[in-house]
Amino acid sequence: MEKSKVAVRYFSKSGNTKKLADEIARAVGCKAEQIPAPVSGKVDILFLGASVYWGGVSSEVKEYIQTLDKDNIGKVVVFSTSALAERAFPQMQKKLQSCGIQVESRNFYCRGEFTALHKGRPNQEDLNAARKFAAEMIEELH
């Protein structure tokens, strides 16, 4: 079977989600790009990262999802960070599915540092877990 084409896109205000994106990209052998960088051509797997701000996924991510061409995306794998609650996945899953895009049921989430909360997160353990998750997704979805 030929190698899957993979892309990593993310939105990060504080840098927490960028750290995960960079580790995931390293694990899958591509470059992480911040949205609104388009996905060019067909990709088998798109890792899409976001953070939760004020209880929801940022408007930039929601708008970006609207630009994705369902015919060029095999499946989206969501990853996210937040200081308080893990809410990105259900919101992103619903939005992606409403656009006709397949979403992997498993996602990667870790705490992100925000002011005095979760100092140093994502930490090395989180980054190792993100890399492992990405490698497993590629293995299983390939």
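I'm told Val28 meets every condition in (1) surrounded by 14 or more Cβ atoms within 10 Å (Cβ to Cβ); (2) at pLDDT 95 or above; (3) in contact with a Gly (Cβ under 8 Å, 6 or more places away or on another chain) except one. Can you identify the failing condition by its number?
It is condition (3) that Val28 fails.
Applying the selection to the range 1-22, what residues are small (Gly, Ala, Ser), in contact with a strand residue (DSSP E or B) (Cβ under 6 Å, 6 or more places away or on another chain) and farther than 16 Å from Met92 by Cβ?
Residue satisfying the conditions is Ser4 alone.
Between a first residue in the range 117-130 that is in a helix (DSSP H, G or I) and a second residue that is open to solvent by 40 Å² or more (accessible area, probe 1.4 Å) and modelled with pLDDT of 90 or more, which pairs have beta carbons less than 7 Å apart while being 6 or more apart in sequence or on different chains?
Leu127/Lys19
Quick one: is Leu48 at pLDDT below 90 and of a type in the set (A, V, I, L, M, F, W, C)? Before you say what the answer is, go through the steps one by one.
Values: at pLDDT below 90: no; of a type in the set (A, V, I, L, M, F, W, C): yes.
Considered against the rule, which asks whether it is at pLDDT below 90 and of a type in the set (A, V, I, L, M, F, W, C), Leu48 comes out as no.
Anything in the range 34-75 that is among the polar types (S, T, N, Q) and open to solvent by less than 20 Å² (accessible area, probe 1.4 Å)? List them, or say none. Steps first, answer last, please.
First, pick out the residues of the range 34-75 that are among the polar types (S, T, N, Q): 34, 40, 51, 58-59, 66-67, 72.
Ser51, Ser58 - these are the residues of the range 34-75 that are among the polar types (S, T, N, Q) and open to solvent by less than 20 Å² (accessible area, probe 1.4 Å).
Are any of the residues in the range 23-31 of a type in the set (D, E, K, R) and touching a strand residue (DSSP E or B) at 6+ places or on another chain (Cβ under 6 Å)? Quick ask: steps written out before the conclusion?
Initial filter on the range 23-31 (of a type in the set (D, E, K, R)): 23, 26, 31.
Add one more test, that the residue is touching a strand residue (DSSP E or B) at 6+ places or on another chain (Cβ under 6 Å), and what stays is none.
No: the range 23-31 contains no residue that is of a type in the set (D, E, K, R) and touching a strand residue (DSSP E or B) at 6+ places or on another chain (Cβ under 6 Å).
What are the residues in the range 4-22 that are open to solvent by 20 Å² or more (accessible area, probe 1.4 Å) and in a helix (DSSP H, G or I), if any?
Listed by number, the residues that qualify are Lys18, Lys19, Asp22.
The values are calculated or read from the model by the stated rules, or taken from the named source; none is laboratory data. Quantities reported herein were computed from a predicted structural model and do not represent experimental measurements. FYI the Cβ positions are ideal-geometry reconstructions off the backbone, even for glycines, and counts take in every protein chain you see. The accessibility values were calculated without ligands, DNA or RNA, using every heavy atom of the protein model including side chains. Shrake-Rupley method; radii C 1.70, N 1.55, O 1.52, S 1.80 Å.
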